[in-house]
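Colleague: I'd like to ask some things about the structure below.
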Amino acid sequence: MADPIRIRAHAKDGTTEVHVLMPHPMETGFRKDEAGDFIAAHYITDVRIEVGGRLVLAATLSRAVSEDPLLYFRLEGGNPGDTITVSWVDTRGDRRADEAQILAA
Amino acid sequence: MTGHVMTQQGTQRRHALRLLGLALFGTSFCAAAWAEVTTGMDRAFAAASLRKVLDALNATPLPSSELSLVVPERVENGAVVPVEITSRYAGPQDIFIISEANPFPLVARFSIPEGTEPFISTRIKVAKSCDIYAVVKTGDAFYSVSRPTQVSIGGCGG
């Protein structure tokens, strides 16, 4: 099981800034291990981010997103205390979802 | 004796049916997999050149000054290249990041719904020095902006 998603969301002046870090190897399938064998591709393909059940960002990722994908974006509105939920699914069908509260900046 | 033969025939028939079933299952499985690969978005992610990515998206993007793309001019390590895109188009839109020299150039797609700023910042792998593109789809229109980035150590091998 992958480590928890790290979520920081701060509301200020009618805008909420969101930083998300999803611990994941994001293996391309092009790298070789010490024995010279290819390491199987293994990467997050889909990400959904919701605030209070409303979709605020959907992403489709490829193997070319860096290890431990980092997303930073901004949404209009959002109040301190609102719940923000981030979920992902990867090429093995593994899933992870975590949530956090929007904080006052 | 007759009963035995009939049972044998029955067994053979069941065996044949099972094989047929397997064949049909295999065919439908392949068909389903093929259908999945052939949706535009999957083809875009599987495409091996910028041209083929744009074809799969059915896009002929117009260069636009309403988009800004920030990538480092030079980067030591291609495995971690920060990319930031800001669009000045209103309304829901899709933002695509494309790294031209990657084995599969389409890096990511971000769907920006109403109420989210058309802005995204992330980190990508860049195989070698090349142009990075941001392509934005708003309604049926596509717009793009590109910036070159120089990479000392490629981000694919490792």
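Colleague: Which residues, counting only those in the range A:28-46, are facing chain B (nearest Cβ under 9 Å) and not basic (Lys, Arg)?
Modeller: Correct list: A:Thr28, A:Phe30, A:Ile39, A:Thr45.
Colleague: Within the bounds of the range A:74-81, is there any residue that is under 22 Å from B:Asp94 (Cα atoms) and more than 10 Å from chain B (Cβ to nearest Cβ)? Don't jump to the end; show me each part of the working.
Modeller: To start, the set of residues in the range A:74-81 that are under 22 Å from B:Asp94 (Cα atoms) comprises A:74-78.
Right, trim to more than 10 Å from chain B (Cβ to nearest Cβ) and you get none.
No - not one qualifying residue is present in the range A:74-81.
Colleague: Of all residues in the range B:81-132, count the ones that are more than 11 Å from every other protein chain (Cβ to nearest Cβ) and among the hydroxyl-bearing types (Ser, Thr, Tyr).
Modeller: 3
Colleague: Would the range A:30-41 turn up any residue that is out of contact with any Gly (no Cβ under 8 Å at 6 or more places or on another chain) and within 27 Å of B:Ala44 (Cβ to Cβ)?
Modeller: no
Colleague: For the range A:5-32, enumerate the residues that are surrounded by fewer than 14 Cβ atoms within 10 Å (Cβ to Cβ) and over 17 Å from A:Arg63 (Cα atoms).
Modeller: A:Lys12, A:Asp13, A:Gly14
Colleague: Could you figure out which of (1) in a strand (DSSP E or B); (2) in contact with a Lys or Arg (Cβ under 9 Å, 6 or more places away or on another chain) isn't true of B:Arg123?
Modeller: Going through (1) in a strand (DSSP E or B); (2) in contact with a Lys or Arg (Cβ under 9 Å, 6 or more places away or on another chain) one by one, B:Arg123 breaks only (2).
Colleague: Right, something else. Output the qualifying pairs, or none if there are none: Cβ atoms under 6 angstrom, residues six or more apart or on different chains, first residue in the range B:124-149 and over 16 Å from B:Phe110 (Cα atoms), second residue of a type in the set (Phe, Trp, Tyr) and modelled with pLDDT of 95 or more.
Modeller: Note: pairs meeting the criteria are B:Ser146/B:Tyr133.
Colleague: Restricting the search to the range A:76-89, which residues are buried (at least 22 other Cβ atoms within 10 Å of the Cβ) and either β-branched (Val, Ile, Thr) or modelled with pLDDT of 95 or more (or both)?
Modeller: Those that are buried (at least 22 other Cβ atoms within 10 Å of the Cβ) and either β-branched (Val, Ile, Thr) or modelled with pLDDT of 95 or more (or both): A:Ile84, A:Val86, A:Trp88.
Colleague: Hey, any hits in the range B:133-145 for a residue that's away from every other protein chain (no Cβ under 12 Å), assigned to a strand (DSSP E or B), surrounded by 15 or more Cβ atoms within 10 Å (Cβ to Cβ) and in contact with a Gly (Cβ under 6 Å, 6 or more places away or on another chain)?
Modeller: No, every residue in the range B:133-145 fails to be away from every other protein chain (no Cβ under 12 Å), assigned to a strand (DSSP E or B), surrounded by 15 or more Cβ atoms within 10 Å (Cβ to Cβ) and in contact with a Gly (Cβ under 6 Å, 6 or more places away or on another chain).
Colleague: Which residues, counting only those in the range A:35-62, are of a type outside the set (Gly, Ala, Ser), closer than 20 Å to B:Ile124 by Cα and in contact with a Pro (Cβ under 9 Å, 6 or more places away or on another chain)? It would help to see each step written out before you state the result.
Modeller: The first filter runs over the range A:35-62 and keeps only residues of a type outside the set (Gly, Ala, Ser), leaving A:37-39, A:42-51, A:54-57, A:60-61.
From the residues that got through so far, the ones that are closer than 20 Å to B:Ile124 by Cα too are A:39, A:42-49, A:57, A:60-61.
Residues satisfying the conditions are A:Ile39, A:His42, A:Tyr43, A:Ile44, A:Val47, A:Leu57, A:Leu61.
The values are calculated or read from the model by the stated rules, or taken from the named source; none is laboratory data. None of these values were measured; they are calculated from a predicted model. With ideal geometry, Cβ positions are generated from the backbone for all residues, glycine too; neighbour counts draw on all protein chains shown.
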